Amino acid sequence: MRHLGIVPDKFSFPCVIRACGDIMEDLEVRKIHGLLFKLGLELDVFVGSALVITYLKFGLVGDAHEVFEALPVRDVVLWNAMVNGYAQIGRFEEALVVFRRMELNGVVPCRYTVTGVLSIFSVTEDFDSGRAVHGFVTKRGYESSVVVSNALIDMYGKCKCVGDALRVFEVMVERDIFSWNSIISVHEHCGDHYGTLRLFIKMLVKGVQPDLVTVTTVLPACTHLAALMHGREIHRYVVVNGLGKEESHNDFDYVLLNNALMDMYAKCGNMPDACMVFDNMREKDVASWNIMITGYAMHGYGAEALDVFSRMCQAQMVPNEISFVGLLSACSHAGMVKEGLGFVSEMESKYGVSPSIEHYTCVIDMLCRAGRLMEAYDLALRMPFKADPVGWRSLLAACRLHKDKDLAEIAASKVIELEPGHCGNYVLMSNVYGVVGQYEEVSEMRHTMKQQNVKKRPGCSWIELVNGVHVFITGDRTHPHTDAIYAGLNSLTSVLQEHGYAPFV
């Protein structure tokens, strides 16, 4: 254009400046900035906005600020450029200072200003400021904007206010895929896995097609609830819609999706399908290998876990701390004490991984499961870290199994000192006394629990049916079909009693 003698105008420069920002050419932007002075366009608000955004993208805060202050006219777009630019590079305080200056200068924030400020409160988890902005949004009538409502949902979710996020979502007249992904992510982020699945099913009923973000958010909920049926349905959707194809996404998304599928299958106890996903992956990261090692470990397949670790090393993939936690856990569950001790001794010298408290805890558990209680106790005392409650609790549980009351009392004193409010410590010690026939001590332990106001957590179970996952807690009567469930249970108990079953009271 310039070679042909055509002089660029104020509409040409913003496009070129942003293009330089996309390819990270900061030197070219400085050259263009110099040319603007020659052409007398350095004070144009549109060109200035492009410069501010690009300079902030490069982290050149001083240059951006200098351009901003020099402009005689600043419209809402320019103020937004400063607010959002600072927010995107993590300079939250500066962004809020500009936002306050904007109001003092009589410039009314628009929808894009609000979304930029809300993104700051999402990261900083500033609930009070976020709620204040929500009041402004309501007053200005911006709630009708899908983008603003999505930002509010995200802000409330990051502040762990699920109810507020859901209320914003429910009153939305129009929702896009980002709205659904936001509210689903909020529930999963706050640990409401059942709510995550419920919203996902509602999303499908409304005819909204899930994308990669939806799938990778919902799969962990299936994992935590062991909802294998739902996990398989999601996997089927992934295959049918081509989401799992490597050429459909960048390498990171492809690996992330398949890792989530593997983890779901492994945690649900379906190692053959986890192995199928793993074997079909052309690209694998360390997490992919770790998921398979840990999956085999938790289900007692020690030899298979060790084989995956061997293949991992052959593939020249460097194992990390998580790899060895899975490996030692596999040796523990499979009774492979010799192999486990060998891995611990070689961790640092051969693989460059320093043993941590988690690795020593695995070894203590491994020795306990093998009945080598004194070795486990000695290790808990001499390891370079202060033993955590998990290690002492493993020893306490093993003492119950092997009826070692004396060692159990030592382990119990240690674990109660570290975690006095954990009900499992008292229950395990009570069980030890019960096994050796010291029932007076059992009563005393229960009395101690009452004095310390330690309550045993109720048992929880769930079942996956076609219409969803149903969760049950001991003595729970909140299920919508409680009467029918208890009627069926009583009927079943009566039939069992006719055949000699005596219910435990």
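On the beta carbon distance between Phe11 and His470, with R0 = 45 Å, the FRET formula returns roughly 0.15.
Our summary gives the chain a relative contact order of 5 percent, counting only alpha carbon pairs under 8 angstrom and 6 or more residues apart. Region 21-97 and region 339-380 have Cα centres spaced 56 Å apart. Multiplying the residue separation of Leu104 and Val123 by 0.36 nm and removing their Cα-Cα distance gives an extension gain of 4.3 nm. Secondary-structure-derived ellipticity at 222 nm for the chain, considering helices only, amounts to -22000 deg cm²/dmol, per-run term -39500 (n - 2.57) for DSSP H runs with n ≥ 4. A Förster distance of 45 Å, applied to the separation of the beta-carbon atoms of Met24 and Glu346, puts the FRET efficiency at 0.55.
Remark: the Val61-Leu204 segment gains 47.0 nm on full extension, using 0.36 nm per residue and subtracting the alpha carbon distance.
Length gained on full extension, Ala484 to Arg131: 122.8 nm, using 0.36 nm per residue less the C-alpha separation. A simple spin-label model places the labels of Leu496 and Ser443 3.0 nm from each other, with each point 7 Å out along Cα-to-Cβ.
Take the alpha carbon gyration tensor of region 291-355, find the square roots of its eigenvalues, order them as a ≥ b ≥ c, and report rounded if a/c is under 1.5; if not, report prolate when a/b exceeds b/c, else oblate. Oblate is the answer for region 291-355, as a/c is 1.5 or above yet b/c matches or exceeds a/b. On a straight-distance basis, which aspartates and glutamates could pair with Lys386 in a cross-link, Cα separation under 12 angstrom, same-chain partners fewer than 8 positions away excluded? Output for Lys386: Glu358.
Working from Cα pairs under 8 Å separated by at least six residues, relative contact order for region 102-241 is 17 percent. With a cut-off of 16 Å, note down the residues of region 260-296 whose backbone N falls inside the zone around a label point 7 Å from the Cα of Ser356 toward its beta carbon. The answer is 286-287, 290-291, 294. As a rough footprinting exposure proxy, the listed residues Val16, Val308, Val171 were ranked by other beta carbons within 10 Å of their own, and the order from fewest upward is Val171, Val16, Val308.
Laboratory data are not the source of any read-out in this text; all were calculated from the coordinates shown. As the structure is a computational prediction, the values presented were derived from the model and not from experiment. All Cβ positions, glycine included, derive from the backbone under ideal geometry; neighbour counts span all protein chains shown.
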